[in-house]
Structures are given as C-alpha cells and as structure tokens.
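The values are calculated or read from the model by the stated rules, or taken from the named source; none is laboratory data. What you see is a predicted model; the values in this text were computed from it and never measured. No Cβ is skipped: glycine too gets one built from the backbone with ideal geometry, and neighbour counts run over all protein chains shown. Remember, those area values only see protein heavy atoms, side chains included, never the ligands or the DNA or RNA. Shrake-Rupley method; radii C 1.70, N 1.55, O 1.52, S 1.80 Å.
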Amino acid sequence: MKALFQKTKKGVISVALIVILAIVAIVGILAASVIGTYNSLATSREAVTSKAADIDTVLQRRADLIPNLVNTVKGFTQHEDEVIEKITTAREHLVNAQSLEEKSAANAELTSGLNALMVIVENYPDLKSSENFIALQDELSGTENRIATARHDYNEVAKTYNTKIQTFPSNIIAGMFNFEKAAYFEADDSAKEVPVVDFSK
C-alpha cells in the first residue's frame, strides 16, 4: 500500500512538473514573440525617424539657397516684390515648421512661390542669362530631385511601419507600447501647378 502511494505521488509530481514546464515554455514563446514584435516595430519606427531627418536635411539645403536667389532676382527686377515676399514668407514657414505636416505644407508653399518666380524670370532676359542665377537654379533643381527622392524613401518606410502597427498581431503590441502612425510627406497638388502671371499691369 505504501509503495502504491509513493508511486502515485511520483506520478502526480511528474504530471505537475510536465504541466509547469509546458506553461513555462508557452510563456517563454509568448515573451519571445512579444519581444521580437516590439523590436521589429522599434526598428521600423527608427527607420521612419532617420528618413524624416533626411528630408529635414534637403529642406534646409533648399531654404539656405533661397536668400541668394532672392538677392539675385532683386538685382535684376524692379516690380516683383509680391513674388519675392511670397518666397521669403514661405521660406520662413519652412525653417520654422516643426511637424512633418507643417514642413510638407511649407515646402508646397515655397514650391508655388518658386514656380511663380520662374514665370516672372521669363520677362527678364538678363536675369535668365546671369551666371549666378543659372548656378542657383541648377542647385535648386538638384535639391528638388533630392527632396523627391527623400520624400519617396520616407513614405516607403512610413508605409511599412504603418502597415506593421495596423496588422495583427503586431497591432496589439503597437497599442500596448503607444506606437503611433507616421504621417506621410505628401506634395501639395497646388504646388505643381504653374501660376499665371500677368505682365500687363
């Protein structure tokens, strides 16, 4: 009887040990999954931050070119204060923008002002042929290309990150650790339109 009791006791302990090990294994797998998902989300968020910094760099380069461009234009034009003021104001908005949405809007505003300026330049042959203006125009054009590339690269990593935080099961981890959706850096359609300038005034 005693032997049977000890055998039963060992069986219960063995079953309990198996159950405990199974629970520990399940908890370990869940913990590894949570850690892996968190690390993946954190890596994606850091990629978004890095690409946003790239956008900041090219926008700052663009903003730095504007004063030289404005001064060059002022040297050749006489009655284009409105466009020059628009560009100067847009540059200030770009430099002072904090959020990605503000930067995107200010960049679109600046693009619109520069488009208006390029239309006006057609009325000043001496300005068009100025070496200084041509060099600045080339630098701005190169910067525009860099902005387009940086925007595309940023939006791609933002899309990947946003998809991760919205799909199951990573959306659960994203919610637990406050991973917020990344805003896209979008070009304003109005900035692509070439403005009509009336020289008859």
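So here's what we get for this one:
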| read-out | value |
| --- | --- |
| Only one of 111, 143, 160 that is open to solvent by less than 20 Å² (accessible area, probe 1.4 Å), touching a residue at least 40 places away in the same chain (Cβ under 8 Å) and not acidic (Asp, Glu) | 143 |
| Neighbours by Cβ (under 6 Å, 6+ apart or cross-chain): first from the range 125-139, closer than 19 Å to residue 78 by Cα; second open to solvent by 70 Å² or more (accessible area, probe 1.4 Å) | 126/76; 127/76 |
| Residue selected from the range 39-61 under the condition β-branched (Val, Ile, Thr) and open to solvent by 40 Å² or more (accessible area, probe 1.4 Å), by the criterion farthest from residue 178 (Cα to Cα) | 57 |
| Unmet requirement for residue 89, which otherwise passes all of (1) at pLDDT 90 or above; (2) surrounded by 20 or more Cβ atoms within 10 Å (Cβ to Cβ) | (2) |
| Count of the range 163-185 residues which are surrounded by fewer than 19 Cβ atoms within 10 Å (Cβ to Cβ) and of a type outside the set (Lys, Arg) | 14 |
| Close pairs from the range 166-186: first in contact (Cβ under 8 Å) with a residue 24 or more places away in the chain and of a type outside the set (Val, Ile, Thr), partner in a loop (DSSP other than H, G, I, E, B) and open to solvent by less than 60 Å² (accessible area, probe 1.4 Å), Cβ under 8 Å, at least 6 apart | 183/99 |
